[in-house]
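Here's the structure we're looking at; comments come further down.
Quick note: the coordinates plus some simple rules give every number you see, no bench work behind them. Predicted model, so just to flag it, every value in this text is computed and none were measured. Here the Cβ positions follow ideal geometry from the backbone for every residue, glycine too, while neighbour counts run over all protein chains shown.
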Amino acid sequence: MDEATKPFGKAIPIIRKKYEKHIEVICKEQGWRDAIFFFEWHGPNSFAGNHLETEEQTVTLIDVNPYKMGILEPKEFIELFGSLDIPEVLFEGQITTEFVDQVKNGSLSGMTFEGVVAKGANDKKTKMPIMFKIKSRQWLDKLQVYCNGDEKLFNKLA
């Protein structure tokens, strides 16, 4: 992928401007020779993986996988990258029915229209954090309209 690759090539200069200097310093401090960085590409009206080409987009760092270490656990990710543009931590602790209900009805303070991604400690076998999404009812309702009765598409995007 390069800057001419549509649509995500436009993310490359944004990533460089927002993150490159900081990432280089952190990688050097941590002794990481190689790492994979995961970003969310989004704009004001992005929805269900679709973006308006006429709109300005940005990126947000969401995960880091140092070579052969697996994706960083949430606490380490926040410690290392918390001064950068990363998603806001809205909740820490055990997931409860009350928390899930707050996300589903959109009343959790600070959450996006879409919902939340919950992450926990890394699974010892996979070296991947235990993670899952909880979508708001409003977002799911909008997705139903967007999918126009196509249940297969709805299930794929939900």
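Tabulated data for the structure shown
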read-out	value
Expected 222 nm ellipticity per residue - DSSP helices of 4 or more, -39500 (n - 2.57), all of the chain, to 500	-8500 deg cm²/dmol
Electrostatic dipole magnitude of the chain [Cβ: Lys, Arg +1; Asp, Glu -1; Cα centre; debye, to 20]	400 debye
Label assignment, percent of Cα pairs over 28 Å apart derived from the structure, set [x] 23; [y] 30; [z] 36	[y]
Lys124/Thr5 FRET efficiency (R0 35 Å; Cβ-Cβ; nearest 0.05)	0.45
Segment 89-158 shape via C-alpha gyration tensor axes, a/c threshold 1.5	oblate
Rel. contact order, % - alpha carbon contacts under 8 angstrom, at least six apart, the chain	15 percent
Magnitude of the charge dipole, segment 1-87, Cβ model with Lys/Arg +1 and Asp/Glu -1, debye to 20	180 debye
Inter-probe distance in nm under a simple model that places probes 7 Å from Cα toward Cβ, at Lys28 and Lys142	4.1 nm
